[in-house]
1. With respect to the numbered conditions (1) at pLDDT 95 or above; (2) touching a strand residue (DSSP E or B) at 6+ places or on another chain (Cβ under 8 Å); (3) over 21 Å from residue 373 (Cβ atoms), which one is the sole condition not fulfilled by residue 74?
2. Considering only residues that are touching a helix residue (DSSP H, G or I) at 6+ places or on another chain (Cβ under 6 Å) and either loosely packed, with under 15 Cβ neighbours inside 10 Å or in a loop (DSSP other than H, G, I, E, B) (or both), look in the stretch 167-213 and name the one that is modelled with the lowest pLDDT.
3. I need a count of the residues in the stretch 112-135 that are crowded, with 18+ Cβ neighbours inside 10 Å and touching a strand residue (DSSP E or B) at 6+ places or on another chain (Cβ under 7 Å).
4. Is it true that residue 339 is in contact with a strand residue (DSSP E or B) (Cβ under 8 Å, 6 or more places away or on another chain) and surrounded by 14 or more Cβ atoms within 10 Å (Cβ to Cβ)?
5. Just need a number here: residues in the stretch 137-149 that are part of a strand (DSSP E or B) and either more than 17 Å from the chain's Cα centre (by Cα) or surrounded by 18 or more Cβ atoms within 10 Å (Cβ to Cβ) (or both).
6. Do the conditions hold for residue 174, that is, is it closer than 24 Å to residue 257 by Cα and out of contact with any strand residue (DSSP E or B) (no Cβ under 6 Å at 6 or more places or on another chain)?
7. Looking for something in contact with a strand residue (DSSP E or B) (Cβ under 8 Å, 6 or more places away or on another chain), closer than 30 Å to residue 373 by Cβ and without any contact (Cβ under 8 Å) to a residue 12 or more places away in the chain - is there at least one such residue anywhere in the stretch 314-325?
8. Among the residues of the stretch 308-335, write down those that are modelled with pLDDT of 95 or more, part of a strand (DSSP E or B) and over 25 Å from residue 379 (Cβ atoms).
C-alpha cells in the first residue's frame, strides 16, 4: 500500500510539473500574491486543567506567517507557513512553539481533466482533559487527485490520501500513526451546482512508535462513502457524507481495531436574511483505538451557529454545541457515556481595515461524566488582534 500511494503521488506531481513548465511563459500577474500576517491573542480559561477543582490560567499566543498565491494560466498555486508561541502565566513549564502550514497546486489541463495536490499541517497543544503534561499534537494530511469529466454530468476521480499524527511528548508517542489509502470516486453533477459522489477507499494504518511489548493496534481498512453537495434553494445549501468501514487487525494486533462501523457528517447552511445566517452541523464517528488516550468507541457532535452582519465592518456570532462520547468496558476503561455542552454567547469581529482585525470570543462549557475527575465546567474568553500586509 505504501508503494502504491507513493507511486500515485509521484505520477500526479510529475504531471503538474510538466503542465506548469509548459505554461510558465504565459503566466498573468495576480495582485498582492505575497501576504505577511501577524497576530496576538490573550486567553483566559477558568478551568484550564479540566477538573472539578477549577484552576485558572492565562495564555498568550503570538504568531506570524507568510502566504503566497499565484495563477499561472491554468495552474493555481497557494503556499503558506505560520509559527506560534504559547506562553502560560502559571504553568510556564508548558511554554511551547508550534509550526503549521499548507500548500495546494491545481492544474486544469483540459476542460474535463484536472489534478489537485494539497497538504496541510497543524500543530496545537493538547487539551488538559486528555493529558496534563506538555504535549504538542501535529497532524499532517496530504491528498492527490486526478479528475476526469469536470464539466460533464458523470465524472471519475482517482486519488491518494495520507494522514500522519504525532506527539512531542515521549509518553504519548505510542499514539503516533501513519494512515494512507487509495480511492476512486464516481461523481454525478446535476443541472444546478449540486453533485453526488460514490467513493471507495482501501488503506492501512500503522502505529509507528509502539514497542513489541505493547498491544499492536495496526489495521487495514476498506471504506465506502456517499457524499453530496446539494443547493436546496438560493438561500439553503446542504452538504453531507455517510460511510461504512471494515477494519481488519493486522497479525499480532489487538482485536479492538478489528470490526466494522459507520460514520456521517451533515452541514446545513441557511441564509435567514441577507445579513443573518445560520449553520447546523452534525457528525458521528467510531474512531479507531489509539487515536486519543481516552479512546471513546463512538462520538456524536451537534453544533448550531448564527452569524449577524451588524455593519460592513462588524460581524457578531453566537451558538451552542452538544457532544456525546460512548466508552466500552475493557481493562482500563469503565463503560459509560460522557456528555459535553458548550455555549458561545458572543463572538465579535471588527474589521478595522483590510489589514487590521480585532476579535473577541467567549465560551462556556459543561462536561458531564460518571467519572468524578472528568466531570467539570468552566468558561473562557479571548481577545485577538490580527494584521495582514
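1. Result: residue 74 passes all but (1).
2. Checking each candidate, the answer is 210.
3. Of the residues in that region, 9 qualify.
4. Working: in contact with a strand residue (DSSP E or B) (Cβ under 8 Å, 6 or more places away or on another chain): yes; surrounded by 14 or more Cβ atoms within 10 Å (Cβ to Cβ): no.
No: the conditions fail for residue 339.
5. 8
6. So residue 174 passes the test.
7. no
8. 309, 311, 326
The values are calculated or read from the model by the stated rules, or taken from the named source; none is laboratory data. Computed from a predicted model, the values in this text were never measured in an experiment. As a convention, Cβ positions derive from the backbone with ideal geometry for all residues, glycine included, and neighbour counts pool all protein chains shown.
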